[in-house]
Structures are given as structure tokens and as C-alpha cells.
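Comments concern the structure below.
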Amino acid sequence: MIDLRSDTLTVPDEAMRAAMAAAPVGDDVYAEDPTIEALERRTAELLGHQAGLFCATGSLSNVLGVAMLVRPGQEVLCDRDAHIARAELGAHGAYTGVTMRTWPSVRGITDLPTIESMLAPDAGPYLVSTAAVALENTHNFGGGSIQPLDHLQAVHQLCRDAGVRLHLDGARLWNAHIATGTPLADYGRLFDTVSVCFSKGLGAPVGSMLLADTDTIARARVMRKRLGGGWRQAGLLAAAADHALSNNLARMADDHTAARALAEAVAERAPQAIDLTTVQTNIVVLGTGATPATEIAAKAAEADIRVSALGPRMVRAVTWNGISVDQARSAGEQLGTLLAARDPE
């Protein structure tokens, strides 16, 4: 089975398991876990922030990050396909009272005038005021697309001038960093709050991190506990994340190479299904034409290839450290053949 559903499928190798077993631990609710504290300091430095908060999931760190910037009854603006809007089960509205307005985009990237036209930082007593803008890099449902640094800088300046804060869903920011060579801090410093994930391409079993200034992280720590997210000797998990940062970051380039091999193999057989210029990192999005995506996913599974049906006519394949270039190419050949046979166009 070649499983391309997500890069969350990674499992810890023996070296990571050894690092977990050897980790010194303490009670993190009492701020006494040295391994967590070290990881929080390390990640904050990498991202150009003062402090970090280790969280169980990216959804939790996103909820906390947005809530630190947006009060109940205010709004966060984001892309209509953003993870915080589509894939977090309405948690922002359900638990923190935040409302959300969205803009259209092409593969998760939008133009500056569109964002500017939606900003309403002081909407008065009858309308909802904009407190923050959230961007996603790389963009999951955009097919692993990278937000250009100059675009992020322009959005940063726009929001600063308007008195609006910025949150970055950087679950796969590591992929953008590896693909472009842009230092992580050059991305991170543009945002008031940043969420990064250790359990996708980096290969740790669990964990995300919220980065911000010291006071914001102190407030987020309180809310994390209130939401049931406090944990005890979680340094075992922090050790896995730390090991991943030290050993697995550079190798993510291999995932990008595998994704390119898969995409090229599809394009050779079903060129209508993919635009190769859109393949930037480890996510490949394929159009299924007249055939429902669920049917393509089911037929692929019969051939021992697992992909995700993300929309009526779109499937997603994600490469990760358990998928070799040869496996990715083989999967692309079979997917391309299947797409060519199913789509008469």
C-alpha cells in the first residue's frame, strides 16, 4: 500500500523513540518540564519570537493564536479554503466567540487589494470590526502552495497601517522554508502569532507550537488549560519534536522531490489532471474531470494507492518520509492511467 492521504501518517523511528525514552520530564502544568521548556525556547528563536507554547494539535494552537488577537464578537479575515475556516470544526466560533469572513483566492493566494477592501478595523456599533487577518503557509487545500515573502511583507504593512493583527497558520511552514531557503524567522517576524506543526513532514508523533511575545504566550497558557489542553510529563513528546527539528528538517526536500516525480508521472498520462507549475512542495492536487473524486479515490485504493477526495472533482496526494521517490512515481503512473481512462476529456 502506498498511502498518500497525508503527511500526518509519519511514525517515530528508533532514534526518535530513543530520544523520547531518554528525555528528562516534569509536570508542564506547573511549568516544570525541562524538555518542553527547551523546545519552546528553541522554536521561538527559530521563528523570531520571544516565547512558545507546546500544544497537542495544530487546531488547538490555531484556536489559541487567533483568540489572543481577536475578542469575542470581533472578526478574523482569512481565505475561504483556510484550515481555520474549513477543517477545525467551527472551533473558533464555538469556543472563543470569534466570527470569520473569507476572501476568494487562487490556490490559497490572494491579491492585496482584496484583503484591503475587506478590512474594517473600526466598524462602529452596528457592524463587526476586523481584529486580525490569518494567512496559511504552505496552503493545505491550495495544494501545498507557498505564500511569496514579498506578498506576506505587503500584507504585514497593510495590517500594521490599519491597526489589525496577523496570525500565521504555519503547520507546513517548514516546507516553505526548505523549498525557498527563506529563513524561518523572516516568515515568523511578520506575524503576531504563529502556529507550527511537528507531526506532519517533520515526523514527530504529536505536537504543535504557538509562538508570540511573552505576555501573549502567558495568556495563551491560561486559555490552553481552560480548554483542557494542559498536560503533565509531555516532555516525552517534546523530545520527539526536538529530535525532528535536529534530524528531519533538511530531509523534507526529499518529500518535495517525490511529489514532483508523482506529478510528472500523472502529467505524462493525464495532462488535463494537473498543472505542474502548481507543484511547489509535498502536496499534489489532481483534477478528476467528469469523474467524481470519490470514485477515483476508491479505484486507486483497489490498486493499493490511498489518496484523499477533497472536493467533488479533486483528489490530493501528499508525500512524506515513508514514501520513496520510486513509490511516488509508481503511484503517479497508476493515478495518471486511472485519470486518463476515467475522463474522456
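The values are calculated or read from the model by the stated rules, or taken from the named source; none is laboratory data. Everything numeric here is computed off the predicted structure, so don't read it as measured data. FYI the Cβ positions are ideal-geometry reconstructions off the backbone, even for glycines, and counts take in every protein chain you see. Note: accessible area is taken over every heavy atom of the protein model, side chains too, but ligands, DNA and RNA are not part of it. Shrake-Rupley method; radii C 1.70, N 1.55, O 1.52, S 1.80 Å.
Summary of computed values
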{"read-out": "Gain in span if fully extended, Asp186 to Arg226, counting 0.36 nm per residue against the direct Cα distance", "value": "11.2 nm"}
{"read-out": "Alpha-carbon spread of the range 251-340, three principal axes, descending order, Å", "value": "36, 26, 21"}
{"read-out": "Cleavage-rule hits (trypsin sites (Lys or Arg not before Pro)) in the range 61-119: DSSP loop, at most 15 neighbouring Cβ within 10 angstrom", "value": "Arg80"}
{"read-out": "For the range 14-248, accessible area per residue (1.4 Å probe, heavy atoms of protein chains only), Å²", "value": "40 Å²"}
{"read-out": "Computed [θ] at 222 nm, helices only, for the chain once each DSSP H run of length n ≥ 4 contributes -39500 (n - 2.57)", "value": "-13000 deg cm²/dmol"}
{"read-out": "Nearest-20 debye value, the chain charge dipole, Cβ charges on Lys, Arg, Asp, Glu", "value": "560 debye"}
{"read-out": "Full-stretch length increase - Glu295, Arg80 - with 0.36 nm per residue and alpha-carbon distance subtracted", "value": "74.9 nm"}
{"read-out": "Using θ = phi - 60° and Karplus 6.51 cos²θ - 1.76 cosθ + 1.60, couplings along the range 51-65 (whole Hz; Gly, Pro as x)", "value": "8, x, 9, 6, 10, 5, 9, x, 4, 5, 5, 5, 4, 5, x"}
{"read-out": "Net dipole in debye of the range 30-146 [+1 Lys, Arg Cβ; -1 Asp, Glu Cβ; about Cα centre; nearest 20]", "value": "260 debye"}
{"read-out": "The range 251-340: relative contact order in percent, alpha carbon pairs under 8 Å with at least 6 residues between", "value": "42 percent"}
{"read-out": "Carbon plus sulfur fraction of accessible area for the range 14-248, probe 1.4 Å, in percent", "value": "53 percent"}
{"read-out": "Low-density loop cleavage sites - chymotrypsin sites (Phe, Trp or Tyr not before Pro) in the range 95-191, where at most 10 other Cβ are within 10 Å (DSSP)", "value": "Tyr126"}
{"read-out": "Sum of side-chain charges, Leu135 neighbourhood, beta-carbon under 9 Å (Lys, Arg +1; Asp, Glu -1)", "value": "-3"}
